[in-house]
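All remarks here apply to the structure that follows.
The values are calculated or read from the model by the stated rules, or taken from the named source; none is laboratory data. Given the structure is predicted, the values throughout are model-derived calculations rather than measurements. In this analysis, Cβ positions are derived from the backbone assuming ideal geometry, glycine residues included, and neighbour counts consider all displayed protein chains. Heads up: the accessible areas ignore ligands, DNA and RNA and are worked out on the full protein's heavy atoms, side chains in. Shrake-Rupley method; radii C 1.70, N 1.55, O 1.52, S 1.80 Å.
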Amino acid sequence: MNIYASAAVTADGYMDDASPERLIISTPEDFMEVQRLRAACDAILVGAETLRRDNPSLLVRDESLRARRRAEGRPEDIDKVTFTASGRLDPSMNFFTQGAGRKFVFSTRPLPQLAGVAEVVVPEEPLTAQLLVTELEKRGIERLLVEGGPRTLRLFARAGLIDTLRLAVNRSMRLGVEADAPRLCFDEGYLDVPHTDAMLDDRMEIRTWRFHPNTREEDLCLLRRAIELSLQSPPSPTSYRVGAVVRTARGELFTGYTHETSPTHHAEQEAVAKALAAGAELRGAAMYSSMEPCSRRSSEPESCSAMMLRLGFARAVFALYEPDRFVCCRGALNLREGGVDVRAYPSLGGEVLAVNAHLFH
Ligand SMILES: NC(=O)c1ccc[n+]([C@@H]2O[C@H](COP(=O)([O-])OP(=O)(O)OC[C@H]3O[C@@H](n4cnc5c(N)ncnc54)[C@H](OP(=O)(O)O)[C@@H]3O)[C@@H](O)[C@H]2O)c1
């Protein structure tokens, strides 16, 4: 998933004041830019406190942007996501009543009041940013816009999951010391990387940090190669046909597919075995698999995700989350929790399902 974070702040870093009314920090030009950002994404995520305080609709309102999404074959409305521990969410909020996109609420408890207005997801594990991203990818979301508030932005920043951060700083607005007002603050050093500054209008300065380069084109190219490789794997009633490409930090490529040299080997193992036999360094390497690397094996002692963590892989890219057919897979989440940069491209998932049609008929 590609994650864009965006917020408007006053010159002294506040995202709102302490009054019950919503403080408008954005200018019309900035609002239009945010509309473009929303239109480029599949879903928008805000914390539950923002829903309670601001009651935002979180829509793409601009007609030309909606028309462009239509022309691209995408729904006019983006999906909306929030998360809560308290469950204090009311079905009459604009989040639920406005727009035709899907609405997801991740919660630590069941929320019967939202039946019929949102998909309420109650995971068995704590709600972390890694878990939210993993669950949203499983629901087909590839581009996510995180719009706040400050606690939500900090959660994603701490997990290292923000690819691009855009702050619109209103230089004409300063609150002074407002003890109870929500203020944007990240861990020390987080923003100490190069960023760009540009004036959008006479008041708004746009600061942009790119924490990870955009690798989408290369990712899709090597994923397609992995899917091609999966076609060489013999169909079996007890395993998926998967292809894998390892790319080392020096750019060497090694390939593999399920059962290539052994009836118990997964595609990732085959590619890694070739890389190790060639004496390649795998620390910092990327794994491109047609399907999510596994987290549990019955036929071998070590799962592919554990192997990748042990060898120091930096990236894991795949198309399809493993369906819950044989085991309940947690590979992507294990890798994210281990600090690996994980990217899923659900838009290629249909091709992987087609390669594995023998299991789904
Ligand atoms: N200027 C801007 O661009 C902008 C954008 C958005 C928001 N805002 C402002 O930001 C303020 C709200 O920000 P905020 O930081 O206080 O809150 P927030 O980030 O909007 O939401 C925080 C809430 O998310 C839920 N949450 C967070 N971590 C969780 C976890 N691990 N598990 C389960 N739930 C979790 C909790 O909801 P529960 O309390 O329900 O458990 C928590 O109270 C508002 O004043 C709003 O106006 C400004």
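Of the residues 246, 169, 107, the one whose Cα sits farthest towards the positive end of the charge dipole of the chain is 246 (charges of +1 on Lys and Arg Cβ, -1 on Asp and Glu Cβ, taken about the Cα centre). Against the chain, whose longest principal axis comes from its Cα atoms, helix 28-40 is set at around 20 degrees. Can you tell me the orientation of helix 216-230 relative to the chain, as the angle in degrees between its alpha-carbon axis and the longest Cα principal axis, to the nearest 10? On a 0 to 90 degree scale, this one is about 30.
Contour minus end-to-end for residue 62 and residue 299, with contour as 0.36 nm per residue of separation and end-to-end as the Cα-Cα distance? The partial results should precede the final answer.
Details: separation 237, 0.36 × 237 = 85.32 nm, distance 5.41 nm.
Extra length available between residue 62 and residue 299 comes to 79.9 nm.
Each Lys or Arg adds one and each Asp or Glu subtracts one; over the other residues with Cβ under 12 Å from the Cβ of residue 67, this totals +1. Modelled label positions at residue 360 and residue 208, each set 7 Å beyond Cα in the direction of Cβ, lie 3.7 nm from each other.
Within the chain, what percent of beta bridges assigned by DSSP are antiparallel, to the nearest 5? The partial results should precede the final answer.
Details: 23 of 57 bridges.
Here the antiparallel bridges make up roughly 40 percent for the chain.
Calculated FRET efficiency, residue 225 to residue 188, Cβ-Cβ distance, R0 = 56 Å: about 0.85 to the nearest 0.05.
Quick check: at a probe of 1.4 Å, how many percent of the accessible area of region 216-360 sits on carbon and sulfur atoms? Spell out each step's value before the answer.
Values: 3250 of 6100 Å².
Within region 216-360, the accessible surface is 53 percent carbon and sulfur.
Taking amide H positions as modeled 1.01 Å from N, with prolines and chain starts lacking one, the residues under 5 Å from residue 8 and 5 or more places away or on another chain are 168. The length gained by stretching the chain between residue 252 and residue 328 to full extension, at 0.36 nm per residue less their Cα-Cα distance, is 24.1 nm. Excluding same-chain neighbours fewer than eight residues apart, the lysines reachable from residue 103 by a Cα-Cα span under 28 Å are 80, 138.
To the nearest ten degrees, helix 129-138 and the longest principal axis of the Cα atoms of the chain are 70 degrees apart.
Once you list every other residue whose beta carbon is under 14 Å from the beta carbon of residue 305, what net charge do they have if Lys and Arg are +1 and Asp and Glu are -1? Mind showing how you got there, number by number?
Working: positive: 296, 297, 310, 315, 330, 336; negative: 268, 292, 300, 302, 322, 337, 341.
Taking every other residue near residue 305 into account, the sum is -1.
On region 1-107, 51 percent of the accessible area sits on carbon and sulfur atoms, based on a 1.4 Å probe. Only beta bridges with both residues in region 2-210 are counted; by DSSP, about 35 percent of them are antiparallel.
Taking other residues whose beta carbon is less than 14 angstrom from the beta carbon of residue 205, and scoring Lys, Arg as +1 and Asp, Glu as -1, yields -2. Scanning residues 5 or more positions from residue 291 or on other chains, those with amide H under 5 Å from its amide H are 243, 319, 320, with H placed 1.01 Å from N in the peptide plane.
Solvent exposure of region 228-272, expressed per residue, is 44 Å² of accessible area, with all protein chains present and a 1.4 angstrom probe.
Taken as Cα centroids, region 86-106 and region 16-42 sit 19 Å apart, rounded to the nearest whole angstrom. Using the beta-carbon distance between residue 88 and residue 283 and R0 = 51 Å, what value does 1/(1 + (r/R0)^6) give for FRET efficiency, to the nearest 0.05? It comes out at approximately 0.65. Per-peptide packing, taken as the mean over residues of other Cβ atoms within 10 Å, places 292-301, 331-340, 311-320, 207-216 in the sequence 311-320, 331-340, 292-301, 207-216 from highest down.
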